[in-house]
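See structure below.
The values are calculated or read from the model by the stated rules, or taken from the named source; none is laboratory data. It should be emphasised that the depicted structure is a prediction, and the values quoted were computed from it without experimental measurement. When we count neighbours, we look across all protein chains shown, and the Cβ atoms used for this are built from the backbone with ideal geometry, even at glycine.
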Amino acid sequence: MDNCSKKHIPEPGRGFIACDCGDELRAEPVEGCYKLHETPWLEEYPDNIPTDIFEVRFKNTRRSFYKNVNNLPLKRGDIVAVEASPGHDIGIVSLTGDMVAKQIRRIGFTPFNGEYKKIYRKARPYDIERWQEAIALEHDTMIQSRQIAAEMGLDMKIGDVEYQGDKVKAIFYYIAEGRVDFRELIKVFAERFHIRIEMKQIGARQEAGRIGGIGACGRELCCASWISSFSSVTTNAARVQDISLNPLKLAGQCSKLKCCLMYEYDVYADARQTLPRLREPLQAIDGEYHLVKTDILGRTMSFSTSKDTMANIVTIPVSRVREILAMNRAGKKVESIANENSSTAVEEPTFRTEEDSITRFDNQNRRRRKGRDKGRDKSRDKHPRHNNENAEVASAEPNQEVPNGGEGRENRENREGREMREGRDNHARRDRAPRHQRRDNRRGRNHNGEKRHEEENKA
């Protein structure tokens, strides 16, 4: 592919590029364009136990293990033809050597009837060409199958279609809440597409893994990158880890609880067993202290003097809590639950962003008024001499004449500035008036809707 000048688009879900620029059709694997990625970290080391079992990947998350019965020189990334029922299928070798045994042990794979299926040969140009034709039919087949299922009134959703490499058989992946009788549907599919039909039911998590995507953490979905077997997840996992029971944050793209809730569940469950259980508040001379918060991994517990509010929060270690409990059971009260190592603080609600704050609109008008007042004060402070002269002129006697033939230049500037400020205030007051009152002002009406000039004529 390096010598080819044409730009080729990788096949999504399978991770390979097909090139027909030369004399024959060729195909090469591409990293990052398929699901359930693996890291061959033992590839550079010699095999401890020689094996003829290889892992072969197909579309999206479908993988299986095959036996190299013909002793072919295979390596990771080779495109091979493998045994299928019926016919043969085309896949890409994904794991070799000692990593295969570790992968089999990890996922608990068991061959059918105790025998592994065979690897026939490396894919020939004819096999790749027929494989490309089968892949081109998958999308149209999925759209037509959905329409047929909807016309028959079946409560199911066909999420994906995967053709076999020899274009003889196709696997239809579907999701359904309950049991679906699709015997008539298979007959219709066989007549329409002229292939062997296999229906395979999957869950919401498997569908999300086949589709792929980016999770809330910013990484690729775990079900699409490495999880091959799914365990049940309950809300108890969130309660044990003190996670807020918010459905929007606990649910993943499959609308089920996130699988990552179980990653640290065992650590939190073990840590909780060593914490003391408090059924009553701690007794002290200065009052009762109620448990409001527990830091499981930090081994600290926070107490409040009020049962309903977070008032006078005192955080103490677990060892101190055990001491106080022992004294309370003996009928004694401690002078104070706090010790030298404890911290006392009043917790204020903090928000990661301003949008999360429920009080973000409370002080908006107050800020604007403060800013406006500051602007006025600054304008007045710029001309202290003018203000003093205005005060002197205003305090002069009525009969006293102002020099320079009437109003001075400085007083005139102050008067004009005052008129401008009053006009600006009137303009702002007019903008704050109701809409119908502003409309009447523009039309020359008074507040009662009557024209002003008529009132003047009557007067």
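Odds and ends about this structure:
- Residue check, GLU43 assigned to a strand (DSSP E or B) and more than 26 Å from ARG205 (Cβ to Cβ): no
- The range 169-223, residues that are among the aliphatic types (A, V, I, L, M) and over 20 Å from LEU36 (Cβ atoms): ALA170, ALA176, VAL180, LEU185, ILE186, VAL188, ALA190, ILE195, ILE197, MET199, ALA216
- Annotation note: of ASP78, ASP89, ASP20, the sole residue that is surrounded by 15 or more Cβ atoms within 10 Å (Cβ to Cβ), in the same structural domain as GLY114 (by TED's automatic domain parsing), at pLDDT below 75 and within 18 Å of GLY165 (Cβ to Cβ) is ASP20.
- Screening the candidates ARG106, ARG26 for the property of being out of contact with any Gly (no Cβ under 9 Å at 6 or more places or on another chain) and at pLDDT 80 or above yields one hit, ARG106.
- Members of the range 237-267 that are assigned to a helix (DSSP H, G or I), exposed (fewer than 14 other Cβ atoms within 10 Å of the Cβ) and either touching a helix residue (DSSP H, G or I) at 6+ places or on another chain (Cβ under 9 Å) or in contact (Cβ under 8 Å) with a residue 12 or more places away in the chain (or both): LYS249, VAL267
- Check on LYS102, in the same structural domain as VAL82 (by TED's automatic domain parsing) and either over 25 Å from LYS75 (Cβ atoms) or within 37 Å of the chain's Cα centre (by Cα) (or both): yes
- Where helices (runs of 4 or more DSSP H) sit wholly within the range 114-227, those with at least 2 residues that are of a type in the set (D, E, K, R) and farther than 30 Å from LYS67 by Cα occupy 138-151, 183-193.
- Odd one out for GLU129, checked against (1) within 26 Å of GLY77 (Cα to Cα); (2) under 37 Å from the mean Cα position of the chain (by Cα): (2)
- Among the residues of the range 105-114, the ones that are within 14 Å of GLU83 (Cβ to Cβ) and free of Cβ contacts under 8 Å to residues at least 40 places away in the same chain come to 2 in all.
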